[in-house]
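Values in this text are rule-based calculations from the coordinates and carry no lab data. All figures in this text were calculated on a predicted structure; none of them were measured in a lab. So basically every Cβ, Gly included, is an ideal-geometry build from the backbone, and we count neighbours across all protein chains shown.
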Amino acid sequence: MFIAGILGTRATTMLDLLFLAQFVIVPTMIYGISRAKKQSYADHKKIMLILVAALLVVVTCFEVHIQVYGWKQHAEASPFFSEPVYQSGVGITLLVHLAFAVSTAFLWIAVVIAALRKFSKPPFPGAHSKWHRRWAKIAAVDMLATAITGCLFYYVAFWAT
Ligand code: HEM
């Protein structure tokens with residue numbers, strides 16, 4: 001099931017789906033933030049919580065897939081792959097991506113938990129607004145960087161010939 005991908009690169013179907021997921025996640029995040037800018041805070045809350053739930057599923061699928069099937073065997077034919085892996089283009093791109101991914105996970109958890117605890121129900125601007133606007137913007141930029149470096153990793157590891 002996971003051997004041949006759907007995009008015709010060296011990646012597995014699961015990695016293809018994760019790559020494609022970035023193109024849904026980022027626009028959804030931008031739309032969710034635009035709802036807050038238009039003062040539709042309940043919409044904003046709903047969209048961001050759905051996004052967080054979807055991200056949990058995506059990250060879990062990715063982790064299980066990598067642990068069970070590995071990824072290196074699919075990247076060996078890349079011109080950016082060499083041993084030791086983490087000194088090659090593929091490995092360095094993965095490390096940069098992971099740095100953004102891990103910090104994004106912590107930031108998103110912190111922003112969501114603080115928002116759920118400190119904003120009123122239904123949500124409206126208040127004492128927590130200043131903190132939320134600052135850290136939520138950093139969390140959103142971090143998510144964007146995670147998606148960009150994730151796509152870059154997909155390209156250098158599984159696509160480049
Ligand atoms: C990680 C998830 C989230 C991100 C990335 C995020 C992002 C943002 C951003 C960037 C803004 C500022 C919009 C602007 O420039 O006007 C904002 C505003 C706001 N968000 Fe979130 N948000 C998240 C989750 C939540 C949740 C779960 C709630 C409610 C429980 C919430 C409630 C609000 C409210 C009430 C505002 C308006 C604050 C104000 O302008 O005074 N957010 N959010």
Q: Collect the residues in region 90-122 that are buried (at least 19 other Cβ atoms within 10 Å of the Cβ) and near the ligand (Cβ under 7 Å from one of its atoms), keeping them in residue-number order.
A: TRP108, VAL111, ALA115
Q | Some residue of region 69-81 being among the acidic types (Asp, Glu), out of contact with any Asp or Glu (no Cβ under 7 Å at 6 or more places or on another chain) and not in a helix (DSSP H, G or I) | A | yes
Q: Of all residues in region 1-43, count the ones that are under 30 Å from ALA115 (Cα atoms), of a type in the set (S, T, N, Q) and touching a helix residue (DSSP H, G or I) at 6+ places or on another chain (Cβ under 7 Å).
A: 2
Q: Say whether the condition of being surrounded by 12 or more Cβ atoms within 10 Å (Cβ to Cβ), more than 25 Å from ILE6 (Cβ to Cβ) and touching a helix residue (DSSP H, G or I) at 6+ places or on another chain (Cβ under 8 Å) is met by at least one residue in region 60-75.
A: no
Q) Do we find that LYS72 is charged (D, E, K, R), touching a residue at least 12 places away in the same chain (Cβ under 8 Å) and within 16 Å of the ligand (Cβ to nearest atom) in this structure? A) no
Q. Checking GLY150 against (1) within 25 Å of GLY8 (Cα to Cα); (2) in contact with a Gly (Cβ under 8 Å, 6 or more places away or on another chain), which test does it fail?
A. (2)
Q.
Consider region 16-61. How many of its residues are without any contact (Cβ under 8 Å) to a residue 40 or more places away in the chain, part of a helix (DSSP H, G or I) and more than 15 Å from the chain's Cα centre (by Cα)?
A. 9
Q. Where residues in region 128-161 are more than 10 Å from the ligand (Cβ to nearest atom) and not in a helix (DSSP H, G or I), which of them is surrounded by the fewest Cβ atoms within 10 Å (Cβ to Cβ)?
A. THR161
